[in-house]
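A short reminder: the numbers here are calculations on the coordinates, not readings from a lab. This is a predicted model, so every value here is computed, not measured. Glycine gets a Cβ as well: all are built from the backbone with ideal geometry, and neighbour counts include every protein chain shown.
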Amino acid sequence: MHPERRTQYLEAIGIDLWLSRNSGARPAADRAPGASAAEREPPPPALDTAARWDALRSEVLQCTRCPLHLTRTQGVLGVGPKRADWLVIGEAPGAEEDRRGEPFVGAAGQLLDAMLRAIGLDRRTNVYIANVLKSRPPGNRDPRPEEVAACLPYLVRQIALLQPAIMLAVGRIAAQNLLGTDAPLGRLRGRVHRFGELNTPLVVTYHPAYLLRTPADKRKAWEDLKFARSVYQQRAKAQ
Ligand code: URA
């Protein structure tokens, strides 16, 4: 990404200092300088994978596993390319997400997009975004354990289909439920966790809604994003 554009994104999320002008991650398409456009184009997904995605989407849309189906407008599966290297996981749809059927499209979503763009990511090209809960809890209250237990299998199936190279958990609820811990967010940041049978690296950062309320912590979130980017780059180099 051009340094000036990255600066604009960083300014948009409230970070305009201490920026190394050469530290930007490049989009996946930039990673293989010699590759032709055709070589970079991923092959279409195998039919059975597409069918599994279709089945998952319609199950989520029709889900009645917990009482949240009584108050939601619609289930919200996720958004992004199904071959994305990055998977971002939040908590649950809010009012706007419930209305539009897409995760992170409200104010927090705009900040999330700016955070992702700051490290060269975009939900349209190289990052998939999902939530722990697929249905909105009324009044945006915290998810209840039984709701998480009912819904988590959908996310696990999503992860198995995506097989991301790295996962970024945004916020305490996502981090604690994915890692099966009660540890506070501050203790989960700054290190690489592993998720599932594929040992997928998982990095934790603040939820953008929290950052909107607590802008002083944006600087720490930027450290987390750079850390996640370096984990991703090292893994890409090793493969
Ligand atoms: N907050 C979340 O955790 N997820 C969304 O999709 C929107 C807001």
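Miscellaneous remarks
- Full-stretch length increase - R235, R100 - with 0.36 nm per residue and alpha-carbon distance subtracted: 45.1 nm
- Residues V231, V192, sorted so that the one with the fewest Cβ neighbours within 10 Å comes first: V192, V231
- Cα-based shape type of region 156-239, given that a ≥ b ≥ c are square roots of the gyration tensor eigenvalues and the cut on a/c is 1.5: oblate
- Take every Cα pair under 8 Å whose residues are at least 6 apart in sequence, average their separation, divide by the length of region 44-238, and the relative contact order is 22 percent.
- Full-extension gain in nm, L198 to E223, via 0.36 nm per residue minus C-alpha separation: 6.4 nm
- Over all Cα atoms in region 44-238, the spread is summed up by Rg and Dmax: 15.7, 47 Å.
- Spin-label pair D54/L152, simplified geometry with 7 Å Cα→Cβ offset, distance in nm: 3.1 nm
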